[in-house]
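The values are calculated or read from the model by the stated rules, or taken from the named source; none is laboratory data. On a predicted model such as this, the values are computed, not experimentally measured, just so you know. Don't worry about glycine lacking a Cβ; one is built from the backbone with ideal geometry, like all the others, and counts go over all protein chains shown.
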Amino acid sequence: MSQIHETVGERSIYFITVNYHCSDLIDKLIAITPAHGVAGYKFIVVNNSPDDTTIEGVANRHGAILLQATHNLGFGSGCNLGLDYVHQRDPQALAWLINPDAHLLPEAISYVRSCFRADDTISILGTRISDVEGALWFSQGSFNPWLGSLKHRFDDVEVAPRPITTHPTRWLSGCSMVFNLAAFEHCPKFDPQFFLDYEDADICLRYERLGHRLRVTQAVLVEHQVSAITQRVPGAKFRHATFSKLYLLHRHATPLALGLNLLYFALRPVTFLAKDPARARGRWAGLLDYLRWVGRRLRGDRSPRHPRTRFTIAS
């Protein structure tokens, strides 16, 4: 069973994971964590699929806290429920977002604790991540505001587990992201306009602009089964991802970068329409969603809205 407040002198860690019809993955994620022989942590499961009643049994079996959403809020807004819950009860805690299709590697928790002991001015700490084949999937995040490019992997980086250290980064993967709540005047929040993808880059760029420090661990601490959940509905995945990329650039990049990406998403899908029609239609739908969002904004409507897709209409 997950435990908390059992490590003297250490701040509590609250793992926050979001369920969307993946209770089997969450069951494995929580079950494997005690094998690392650490204490002082608790799991919070945000249920973005209210009709998935099996998650209640998973939470009860592992002693996890279950937060029920009224519908699928999207990744960022689901995490916001968990962050709010932790911040209200323990504003000095470490809130660790972890994907259901990921799991911690041995020493991950002790490594992260060591990073914060060595440098408590870190506001958001990410971990390097491998895929299930052991290949490096996320090393550091870069962002070019002139071209609108975001990179998440650099193969020539040092990933040795020792010495325990961190490196600067522009953004971090929401698959494994630790918020040092003590470094924030108010509870950190994801932008609810993002439903899926790029919300992690946005929150990092926003808080970096406010002077918060972002770092990533040198060691690979998490293994990720990439897109195990979202790939179930590829058309919806690409639709949300396309809108999110354009919205991110609208907020953080130059008009040149936004224009180049608008042109790219308008023309590039033509090249794979025959072989991958779901992806092509998803890209074009996301482009139209962004143009509709711009229209609503020009009319003074600033409320967050999400298109009707297999993800948003199903709980």
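Descriptive notes on the structure:
- Within region 210-228, not a single residue is farther than 29 Å from Val178 by Cβ and in contact with a Ser or Thr (Cβ under 9 Å, 6 or more places away or on another chain).
- Only one of the listed residues (Leu246, Leu260) is at pLDDT 95 or above, surrounded by fewer than 20 Cβ atoms within 10 Å (Cβ to Cβ) and not aromatic (Phe, Trp, Tyr). That residue is Leu260.
- Restricting the search to strands (runs of 3 or more DSSP E) fully inside region 84-166 and requiring at least 1 residues that are surrounded by fewer than 17 Cβ atoms within 10 Å (Cβ to Cβ) and not charged (D, E, K, R) gives 136-138, 142-144, 149-151.
- Flag if Glu199 is in contact with a helix residue (DSSP H, G or I) (Cβ under 7 Å, 6 or more places away or on another chain) and in contact (Cβ under 8 Å) with a residue 60 or more places away in the chain: yes
- Residue satisfying all of: in region 1-41; at pLDDT 95 or above and part of a strand (DSSP E or B); nearest to Arg113 (Cα to Cα) among these: Ile13
- Criterion violated by Phe154 - all others in (1) touching a residue at least 40 places away in the same chain (Cβ under 8 Å); (2) more than 18 Å from the chain's Cα centre (by Cα) satisfied: (1)
- Candidates Ala31, Ala135, Ala95 - the one that is farther than 22 Å from Glu158 by Cβ, among the aliphatic types (A, V, I, L, M) and either touching a Phe, Trp or Tyr at 6+ places or on another chain (Cβ under 6 Å) or free of Cβ contacts under 8 Å to residues at least 24 places away in the same chain (or both): Ala95
- Scoring Thr254 on the criteria (1) over 30 Å from Asp276 (Cα atoms); (2) crowded, with 20+ Cβ neighbours inside 10 Å; (3) not assigned by TED's automatic domain parsing to the domain that holds Pro106 leaves a single failure, condition (2).
- Segments classed as helices (runs of 4 or more DSSP H), wholly inside region 206-315, with at least 2 members that are under 27 Å from Ser139 (Cα atoms) and over 24 Å from the mean Cα position of the chain (by Cα): 255-267
- For region 181-202, filtered to residues that are touching an Asp or Glu at 6+ places or on another chain (Cβ under 7 Å) and not in a loop (DSSP other than H, G, I, E, B), the residue that is surrounded by the fewest Cβ atoms within 10 Å (Cβ to Cβ) is Asp202.
- Scanning region 251-280 for residues that are touching a residue at least 40 places away in the same chain (Cβ under 8 Å) and in contact with a helix residue (DSSP H, G or I) (Cβ under 7 Å, 6 or more places away or on another chain) returns Arg251, His252, Ala257, Leu258, Asn261, Ala278, Arg279.
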